[in-house]
Amino acid sequence: MNEILKVESLNAFYGRSQITFDIDFSVNPGEVAVVVGRNGVGKTTTLKSVMGYVDKKESRVFFKNQDISDLQPHRIAKSGLTFVPDNGGVFHNLSVEDNFKVSEREGAFSRDYVFELFPKIKNILKRKGAHLSGGERKMVGISKGLLMNPDMLIIDEPSEGLAPSLVKDIAAAINKLEEKISLIVADQNLAFILSIADRIYIMDGGRIKRSGTKEEIKKEEIEKFLAL
Ligand SMILES: Nc1ncnc2c1ncn2[C@@H]1O[C@H](COP(=O)(O)OP(=O)(O)O)[C@@H](O)[C@H]1O
Ligand SMILES: [Mg+2]
């Protein structure tokens, strides 16, 4: 297998209600795969079920050629997959610095690397998580994820609610990161998606409706699914 992550027939459930239907996707090493779709189509559920946070049935997930389908979430995280939730997953009662301390593991992604990626973070290290702006929370969330030194980072809605200049900062960071790590990003901002994606999966109603490389999928097609 060439892929770093391969998902086969992902059927995710909350209790008895099925949210995703036979989702297939894969990510190659060093690639950015973007899951696109309106609110409620099942993007977050898909990502969380890969991480083992949501129940799945008759589904297979392979990561680095290992079958992680039935592993507990902490084992999946340990195998090198890190999920950055849409709220950044920042602890509100801890300072940014202490948030980093909780996450830090040995590896190529150091605090210096994170400061290079998001220079603004240097100025807010002492601030409590509760007092961060939306944009700061997204940046600190991605940084925390990186400091865990995973092989793949899964980022949910990184551009959501951000001013255009911050959206550009995040896109630049993701494009820089791509040389060092594989990424899955779920998002709805067309310009942002087009500026980061190598591969695109369009979701609607819990299913993948269209997939391909950025070159294969027309901008209008993405727009159509986002507008539905
Ligand atoms: N914890 C939950 N329990 C039950 N249903 C949920 C839960 N979280 C999300 N859903 C439902 O699952 C569907 C997909 O939601 P979600 O994966 O969050 O979509 P997206 O991330 O694309 O906005 C929605 O219909 C939503 O209401
Ligand atoms: Mg979501």
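Values in this text are rule-based calculations from the coordinates and carry no lab data. Since the structure is predicted, the reported quantities are computational estimates derived from the model, not experimental observations. Quick reminder, even Gly has a Cβ in these numbers, built from the backbone with ideal geometry, and neighbours come from all protein chains shown.
For segment 38-50, give me the residue count where each residue is assigned to a loop (DSSP other than H, G, I, E, B) and crowded, with 20+ Cβ neighbours inside 10 Å.
Of all residues in segment 38-50, those assigned to a loop (DSSP other than H, G, I, E, B) come to 38-42.
Filter once more, keeping what is crowded, with 20+ Cβ neighbours inside 10 Å: 41-42.
Here the count works out to 2.
Name, by its number, the condition in (1) more than 9 Å from ligand 1 (Cβ to nearest atom); (2) surrounded by 19 or more Cβ atoms within 10 Å (Cβ to Cβ); (3) part of a strand (DSSP E or B); (4) hydrophobic (A, V, I, L, M, F, W, C) that does not hold for residue 35.
Here residue 35 clears every test but (1).
Please enumerate the residues belonging to segment 198-216 that are without any contact (Cβ under 8 Å) to a residue 40 or more places away in the chain and within 18 Å of residue 40 (Cα to Cα). Even if it seems obvious, please write down each step before you answer.
Initial filter on segment 198-216 (without any contact (Cβ under 8 Å) to a residue 40 or more places away in the chain): 209-210, 212-216.
Result: 209, 210.
Any chance segment 120-138 includes a residue that's closer than 24 Å to residue 105 by Cα, without any contact (Cβ under 8 Å) to a residue 12 or more places away in the chain, part of a helix (DSSP H, G or I) and not polar (S, T, N, Q)?
Yes, the conditions are met somewhere in segment 120-138.
Where the second residue is among the aliphatic types (A, V, I, L, M) and within 16 Å of ligand 1 (Cβ to nearest atom) and the first is within 15 Å of residue 142 (Cβ to Cβ) and lies in segment 81-108, which pairs have Cβ atoms under 6 Å and are six or more apart or on separate chains?
Close Cβ pairs (under 6 Å, with a partner that is among the aliphatic types (A, V, I, L, M) and within 16 Å of ligand 1 (Cβ to nearest atom)) amount to 83/51; 83/154; 84/155.
Of everything in segment 164-186 that's more than 16 Å from residue 153 (Cβ to Cβ) and without any contact (Cβ under 8 Å) to a residue 40 or more places away in the chain, which residue is farthest from ligand 1 (Cβ to nearest atom)? Don't jump to the end; show me each part of the working.
Looking only at segment 164-186, we keep the residues that are more than 16 Å from residue 153 (Cβ to Cβ), and these are 164-169.
Then keep just the ones that are without any contact (Cβ under 8 Å) to a residue 40 or more places away in the chain; that gives 164-168.
On the way: 164: 22, 165: 25, 166: 21, 167: 18, 168: 23 Å.
Per the criteria, the residue is 165.
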